[in-house]
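Below is one structure, written out as structure tokens; the observations come after it.
The values are calculated or read from the model by the stated rules, or taken from the named source; none is laboratory data. Worth saying up front: this structure is predicted, and the values here are computed from it rather than measured. As a convention, Cβ positions derive from the backbone with ideal geometry for all residues, glycine included, and neighbour counts pool all protein chains shown.
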There are 2 protein chains.
Amino acid sequence: MHFMQALQQAWTRNHSLVCVGLDPEPTKFPAEFHDRPDAVFEFCRAIIDATADLACAFKPQIAHFAALRAEDTLERLIAHIHAKHPGIPVILDSKRGDIGSTAQHYVSEAFDRYGADAVTINPYMGRDSAQPFLDRADKGVILLCHTSNPGAADLQDLDVGGKPLYQHVAQIIARDWNTHGNCALVTGATWPEQLAEVRALIGDMPLLVPGVGAQGGDVEAVLRHGRSANGTGLMINSSRAILYASNGEDFAQAARTATQALRDTINRYR
Amino acid sequence: MHFMQALQQAWTRNHSLVCVGLDPEPTKFPAEFHDRPDAVFEFCRAIIDATADLACAFKPQIAHFAALRAEDTLERLIAHIHAKHPGIPVILDSKRGDIGSTAQHYVSEAFDRYGADAVTINPYMGRDSAQPFLDRADKGVILLCHTSNPGAADLQDLDVGGKPLYQHVAQIIARDWNTHGNCALVTGATWPEQLAEVRALIGDMPLLVPGVGAQGGDVEAVLRHGRSANGTGLMINSSRAILYASNGEDFAQAARTATQALRDTINRYR
């Protein structure tokens, strides 16, 4: 199924705009995992199984696996999601970007090797660096626009002919890069006004919104400024606040409760 | 040894500004490799051993390994360079970039897992996304400035208060981000005038210059516009033109000959 179609169905079926981020950090796992050889897989699988009916997407962040030499774990987790929770799209959060001939290898990494349904990429190198991703019309291409970190302002807010760079990025992607209708943008919850400006430029294009939870973004403001006309259009990501809601034996139940609470808070403002 | 020190010593000892890019593509390997289980390692090792005394750095491009599920091969190749050719720095070309807490995991990937001496990163997310890399004062942090691909112009050339974005990037990195003296910039050989403008802004900071060889950049122009005051300051990368100089049994000798020819051409204009 095409990513955009899967996302829309998951929004409806699970009545949820919550994207569950998978950022495994073994030192934060409950004690029961500390001696297990396959701890990363088992921890993440438990989170996935506890939250899949409450989420519109899962977003594994690849650095957390790469630093642990756990690429095979990431492969198995994505396969697990597809097998046990079909219809919930998987976003590989890797923020890649390189010249076209190399980008083709990153396309293989994300879609052929890992079987992701969508991938985050960095637009700084321009359209031809994104093209091999864009050409995979069935896959989602989620481009950085205005990120959630404080340093986002350093380049993204620079004034380009009367408007900030991130708005220029949003505009050229919506106007020129989205020929297959498979683009989405990353806009941080920590910048609600920028979210509104981006939404005004891109119609109903989905936004991946990190920065609620541990980073402090305000859910009501995200909805007010970021939702699309029909009350969807958002993948509101939470990673640490779900994964590490408890470090006791009840971690999976606590993750479920945290996901449900975020979903319900979001739905109050849709 | 610090990356910058190793690079300067390699420039001098090998009288070379050539960076040998390692972009393995098994379909381009000589026939003798086609059935070998460890073909990527053996091919790259042969290239490394044939060119190490002619290079100032090696630059493995990580997507080429990731698409092949060959992270362990990349680990072994970097270990091989350090063991057999000590003093030749290894640049992990991965163009990462993410919020600080995640960037820390990319730092672990590049420096702790792979043992790279330097890494390429993307500046779009701003200073705090680069900080965990910058804090490793012994490692090189090579930031994208003006890349070699045609699409570089899409964002990098946008006018920001009277100067193009890439010049702004060069300036803030030279002025604000380079407190440990471990920064370098990527500037493509395909844009020689931009190279001159960047050089004028950054003093003696090293430039990693892709785009000669297969991408068509002109070596003389790169030297004229990009060299530092003492005739160094450049890591001029060639990947495909060296790796695939021959697809016969003489591939390693042909790679050596191509590297030597590039080195000598460069040295003519230093």
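Of these, A:Leu208, A:Leu195, which one is closer than 13 Å to A:His146 by Cβ, touching a residue at least 12 places away in the same chain (Cβ under 8 Å) and away from chain B (no Cβ under 14 Å)?
Exactly one residue qualifies, and that residue is A:Leu195.
Residues A:Arg263, A:Arg256: which one is out of contact with any strand residue (DSSP E or B) (no Cβ under 8 Å at 6 or more places or on another chain) and either more than 16 Å from A:Phe33 (Cβ to Cβ) or crowded, with 21+ Cβ neighbours inside 10 Å (or both)? Before you say what the answer is, go through the steps one by one.
Working: A:Arg263 fails: out of contact with any strand residue (DSSP E or B) (no Cβ under 8 Å at 6 or more places or on another chain).
Within the list A:Arg263, A:Arg256, the selection yields A:Arg256.
Return yes when A:Asp117 is modelled with pLDDT of 95 or more, in contact with a Pro (Cβ under 6 Å, 6 or more places away or on another chain) and not β-branched (Val, Ile, Thr) and no when it is not.
yes
Could you look through the stretch A:172-184, keep only residues that are among the β-branched types (Val, Ile, Thr) and not in a loop (DSSP other than H, G, I, E, B), and pick out the one that is farthest from the other protein chains (Cβ to nearest Cβ)?
Among them, the one singled out is A:Ile173.
Mind checking which residues of the stretch B:230-263 are more than 30 Å from B:Ala196 (Cβ to Cβ) and either touching a residue at least 40 places away in the same chain (Cβ under 8 Å) or in a strand (DSSP E or B) (or both)?
Passing the criteria: B:Tyr244, B:Ser246, B:Asn247, B:Gly248, B:Glu249, B:Phe251, B:Ala252, B:Gln253, B:Ala255, B:Arg256.
Say whether the condition of being of a type in the set (S, T, N, Q), buried (at least 24 other Cβ atoms within 10 Å of the Cβ) and away from chain A (no Cβ under 14 Å) is met by at least one residue in the stretch B:16-23.
Just the residues of the stretch B:16-23 that are of a type in the set (S, T, N, Q), to begin with: B:16.
With buried (at least 24 other Cβ atoms within 10 Å of the Cβ) added as a condition, the list becomes B:16.
From what's left, away from chain A (no Cβ under 14 Å): B:16.
Checked the stretch B:16-23: at least one residue is of a type in the set (S, T, N, Q), buried (at least 24 other Cβ atoms within 10 Å of the Cβ) and away from chain A (no Cβ under 14 Å).
Restrict the check to the stretch A:212-219 and report whether at least one residue is more than 14 Å from chain B (Cβ to nearest Cβ) and not in a helix (DSSP H, G or I).
There is at least one residue in the stretch A:212-219 that is more than 14 Å from chain B (Cβ to nearest Cβ) and not in a helix (DSSP H, G or I).
Taking the stretch A:125-171 as the search range and keeping residues that are within 7 Å of another protein chain (Cβ to nearest Cβ) and part of a loop (DSSP other than H, G, I, E, B), which one is nearest to B:Ile99 (Cα to Cα)?
Only one residue tops the list, namely A:Asn149.
Take B:Val219 and tell me if it is crowded, with 19+ Cβ neighbours inside 10 Å, modelled with pLDDT of 95 or more and within 30 Å of B:Arg127 (Cβ to Cβ).
Spelling it out, it is not the case that B:Val219 is crowded, with 19+ Cβ neighbours inside 10 Å, modelled with pLDDT of 95 or more and within 30 Å of B:Arg127 (Cβ to Cβ).
Just one of A:Ala229, A:Ala221, A:Ala189, A:Ala255 is at negative phi and under 15 Å from the mean Cα position of the chain (by Cα); which is it?
Among A:Ala229, A:Ala221, A:Ala189, A:Ala255, only A:Ala189 is at negative phi and under 15 Å from the mean Cα position of the chain (by Cα).
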